[in-house]
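Each remark here refers to the structure printed beneath this line.
The values are calculated or read from the model by the stated rules, or taken from the named source; none is laboratory data. It should be emphasised that the depicted structure is a prediction, and the values quoted were computed from it without experimental measurement. Ideal geometry is used to build each Cβ from the backbone, glycine not excepted, and the neighbour counts take in all protein chains shown. Calculation scope for accessible area: heavy atoms of the full protein, side chains included, ligands and nucleic acids excluded. Shrake-Rupley method; radii C 1.70, N 1.55, O 1.52, S 1.80 Å.
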Amino acid sequence: MEKKNIDWGSLGFGYMPTDKRYVSNYKNGAWDEGALVDDPMITMSECAGVLQYSQSVFEGLKAYTTEDGHIVTFRPDLNGARMEDSARRLEMPVFPKERFVEAVRQVVKANAAWVPPYGSGATLYLRPFMFGSNPVIGVKPADEYQFRIFTTPVGPYFKGGAKPIVIKVSDFDRAAPNGTGHIKAGLNYAMSLHAIVTAHNEGFAENLYPDAATRTKVEETGGANIIFIKGNKLVTSNSSSILPSITRRSLEYVAEHYLGMEVEERDIYLTELGEFEECGLCGTAAVISPVGKINDHGKEIAFSSGMEEMGPKIRKLYDTLTGIQMGRVEAPEGWIQVIE
């Protein structure tokens, strides 16, 4: 298929509407068959549930052109399963993960001309989302919902390579122990905006949130799980309040089964941060963002990997996982869905 006439190398991480998007509506207790549509606009009541009470969940994943020319997606079944969990927590109807994966396949295939070529550094980003669509004035779940997936070509999250960032320990709480921190709800990101703007105004790239109950343990950042390296060990938080990142879970598997590292999920205390050698934020957009320093209320914690480039262990993790995604490294069974 002939690709769109786009300067793929100049793409940023922004929205560019493509030809098709997938839409399915929930009404009278059931989802319709769903369809690919041309129109990127949404029309709904001013009293729609999503506008009044923020009943909205979403996902993020990518489609890639591999080294051998195939178009693939990476572990979409996990995105579908996570969206099921998010919907249940917000009293929304579950869009079954099997249908989710099929919708992903359809929308990527329909927009194949927008999938950037191998070696361009760009990818096709997919945003599945669901929201309450009928009028709701009393505080209760909506009765009707819409599930959609749109796609947009994006460039690498970091132009010119990923340079280590400096983050701060936040004074704000990200999620209560029995709250919604473990699901991908729009409301979680809305409440983080003031905190991230505050951090940026203070010269930091991100916030590191401690647990809300004791404020002694590391949870995650505003938009990503956090990983640490100590010797040959990858250490991550086991908090039930953090999002179950697909990238983080994939990196744990890569660390253990590809790189021979030990993986440990446990409580990570702020007082031990200085004992780690490398640190990174992990998520779909950037895969891994290396962290060079953490500022804890004026106390600077610098990792030995420095501020110039990714640490050696995080670099191996990054190269191996992106190699799997791009077809340069053999993938575990079931991780890659070939679209065409």
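Once all protein chains are placed together, R88 keeps about 120 Å² accessible to a 1.4 angstrom probe. In percent, rounded to a whole number, the relative contact order of segment 191-299 is 25, using alpha-carbon pairs under 8 Å and six or more apart. Remark on V263: its backbone amide H falls under 5 Å from those of L234, a criterion applied only to residues 5 or more positions apart or on other chains, H modelled at 1.01 Å from N. Largest accessible area first, the listed residues M326, M130 line up as M326, M130 when surface is computed with a 1.4 Å probe on the assembled protein chains. Dividing the mean sequence gap of close Cα pairs (under 8 Å, 6+ apart) by how many residues the chain holds gives a relative contact order of 19 percent. In the chain, what percentage of the DSSP-assigned beta bridges are antiparallel, given to the nearest 5? If we restrict to bridges inside the chain, about 80 percent are antiparallel. For G132, the residues whose modelled amide H falls within less than 5 Å of its own, excluding neighbours fewer than 5 places apart on the same chain, are V50, Q55.
In straight-distance terms, cross-link reach from K233 covers every one of the aspartates and glutamates whose alpha-carbon lies under 18 Å from its own, apart from those fewer than eight places away in the same chain; here that gives E252, E256, E262, E264, E265, D267, E272, E275, E277, E278, D319. Across the protein chains, with a 1.4 Å probe defining accessible surface, the residues E340, E67, E2 rank E2, E67, E340 from largest area downward. The Cα-based radius of gyration and maximum Cα-Cα distance (Dmax) for segment 9-147 are 16.1, 54 Å. Computed from backbone phi, the HN-Hα couplings of segment 196-203 come to 6, 5, 4, 4, 4, 5, 8, x Hz, rounded to whole numbers (Karplus: 6.51 cos²θ - 1.76 cosθ + 1.60, θ = phi - 60°; Gly and Pro given as x). Segment 223-289 and segment 16-85 have their alpha-carbon centroids 28 Å apart.
3J(HN,Hα) couplings calculated from phi for segment 25-37 with the Karplus curve 6.51 cos²θ - 1.76 cosθ + 1.60 (θ = phi - 60°) are, in sequence order, 10, 9, 8, 6, x, 8, 7, 6, 5, x, 7, 7, 10 Hz; Gly and Pro show x.
Label sites at Y189 and T216, each approximated as a point 7 angstrom past Cα along Cα to Cβ, lie 3.4 nm apart. So, R0 is 25 Å and r is the distance between the beta-carbons of E102 and A30; what FRET efficiency does that work out to, to 0.05? So the FRET efficiency works out to roughly 0.90.
Note on S305: accessible area is roughly 30 Å² with a 1.4 Å probe, heavy atoms of protein only.
Couplings for segment 116-127, taken from phi via the Karplus curve 6.51 cos²θ - 1.76 cosθ + 1.60 with θ = phi - 60°, read x, x, 4, x, 7, x, 9, 9, 9, 8, 10, 10 Hz in order; Gly and Pro are left as x. With contacts taken as Cα pairs under 8 Å and at least 6 residues apart, segment 1-159 reaches a relative contact order of 37 percent.
Hey, can you rank 118-124, 204-210 by average C-beta count inside 10 Å, highest first?
Going from most to least packed, we get 204-210, 118-124.
A Cβ-based charge dipole, computed about the Cα centre of segment 230-340 with Lys and Arg at +1 and Asp and Glu at -1, lands at about 120 debye.
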